[in-house]
Amino acid sequence: MKKALILAYDFPPYISVGGLRPHYWYEHFEENGIYPVVVTRNWNPLHGNELDYIQPSNTNEVVIEKTAKGTLIKTPYKATLSNRLNLKGKNDKFSNLLKKMSTGWNEIGQWYFPTGTKYELYKAAKNYLKENKIDVILATGEPFVLFQYASKLSKEFDIPWIADYRDPWSNNALRSKSRLSFWFNSLNERKSLKSVTHIITVSDFFKKKIEQILGKKSVSIIPNGYNEDAFRKVENIVQNSQKLTISLAGTLYDWHPYQLFLDVIDTYLQKHSSRRLKIEFFGINKVDELKQIIEKSTSLKNTVFIYPRMTNQQLLSKMAESNVLLLFNYYSYMGTKIYDYLALNRKILLCFEEDKEAYKLKEKYYNVSAIEGLSERLQADLIKETTSGIVVKDTIHLEQVLEELFSEFNNTQEIKSHTINAEKYSRKIHTEKLVLLIKNTR
């Protein structure tokens, strides 16, 4: 049986979309003939929000766990000065200066010195390789410094390595906001990927973005998907019958028209005050912004509810109780959320396709250049292919959709889903493709 060393910074019990992909590999590689050894961080989530990312480990030692599925190597994490100040809630001018200096040193220094919050993964992986035979190294990013670590380990121990791009690196507008930042990231990207044996990524769009920096490389598409094991545990949960419930989980971005959506909800409820509606946000990042919007409206105060982060299984159980699942437009990106929505078999509401105000947000904040020949409406395309929901044109259309949803809900106490062919988007299918790639890697 081949053995794969997986460098994965995000990993349960830390709750993140990025951790689901390598966790599924760990759960299912062994049954497909690959023994996984995952090197990750020892997570100590206490807060239920973004502070979990900077919470120190509860041990200073490397912890090695061997299970029937593989080996987990958990490295200790010590908070940086910046993180310690954030954990203490320090936000004065001097503290903010210290935070910027600390963050700058760690983000830049990790590429040139044995420092940074991810360096412990490299040390632990190197120590493991000194004593154990590994056939392939698989690094998933971001953080993309793991690619540099994989490259170094590959050269030192003569092991082929595979880079997993969950997102673009240097030509991601969210990361490279200046020419200097782009130059720095693209230099490190080309250097780190020089020795890569193979690249995998989640979509054709990302593949094209990678090729813009690296030129023609051997790239395979291994899309994200849903974990069929997790959904079997919630498939018998009955959706809410008391209030029409619309739910969203995960990160909100600046180009997401959540303000527009809530404005429509507010206006609709003022017209129809007797309608029983509940809007749920799970584990979102823009809590303060949403609370400010909610506080301005009596209707929204009694309608919109915000919940902290929870484990993926807990989240799926809560989302399964919903009638409708809300999705904001990601344009050229598919994201991972839509796959979970498909598996939950609840009607999806995608906002918006052609709204003028939403388009202004896209123009201001999205900053992702389209690629000729590739769709900028990936989520809408998938929803139509699977007949899984409604692609909402604009705010006027949203009001019409709400009326249609209430009509159905009041008559049947549920919202019927007509999703077809969701099984095509199971992680199982894509993982089998990755396993075959690994077995053929020399």
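The values are calculated or read from the model by the stated rules, or taken from the named source; none is laboratory data. Please read all numbers here as calculations on a predicted model, not as lab measurements. Glycine also receives a Cβ, built like all others from the backbone with ideal geometry; neighbour counts cover every protein chain displayed.
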By my count, helices (runs of 4 or more DSSP H) wholly in the range 281-349 with at least 2 residues that are modelled with pLDDT of 90 or more and buried (at least 21 other Cβ atoms within 10 Å of the Cβ) are 312-320, 337-344
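Quick test for you: out of Y53, Y9, pick the one residue that is part of a helix (DSSP H, G or I), modelled with pLDDT of 85 or more and within 26 Å of the chain's Cα centre (by Cα). Outline the logic, then answer.
On the way: Y9 fails: part of a helix (DSSP H, G or I).
From the options Y53, Y9, the qualifying one is Y53.
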If we only count strands (runs of 3 or more DSSP E) wholly inside the range 122-208, which ones have 2 or more residues that are out of contact with any Leu (no Cβ under 9 Å at 6 or more places or on another chain)? none
Among the residues in the range 262-279, are any closer than 30 Å to L193 by Cβ and either surrounded by 15 or more Cβ atoms within 10 Å (Cβ to Cβ) or not assigned by TED's automatic domain parsing to the domain that holds D394 (or both)? no
Within the set of pairs 6+ apart or on separate chains, which have a first residue in the range 409-427 that is of a type in the set (K, R), a second that is surrounded by 20 or more Cβ atoms within 10 Å (Cβ to Cβ) and part of a loop (DSSP other than H, G, I, E, B), and C-beta atoms under 8 Å apart? R427/N224; R427/G225; R427/N227
Members of the range 212-261 found to be small (G, A, S) and either in a strand (DSSP E or B) or free of Cβ contacts under 8 Å to residues at least 24 places away in the same chain (or both), listed by number: G215, S218, S220, S247, A249
For the range 389-442: of the residues being over 22 Å from the mean Cα position of the chain (by Cα) and of a type in the set (S, T, Y), which is modelled with the lowest pLDDT? T441
Take the residues in the range 154-177 that are buried (at least 23 other Cβ atoms within 10 Å of the Cβ) and touching a residue at least 60 places away in the same chain (Cβ under 8 Å), then tell me which one is farthest from the chain's Cα centre (by Cα). I162
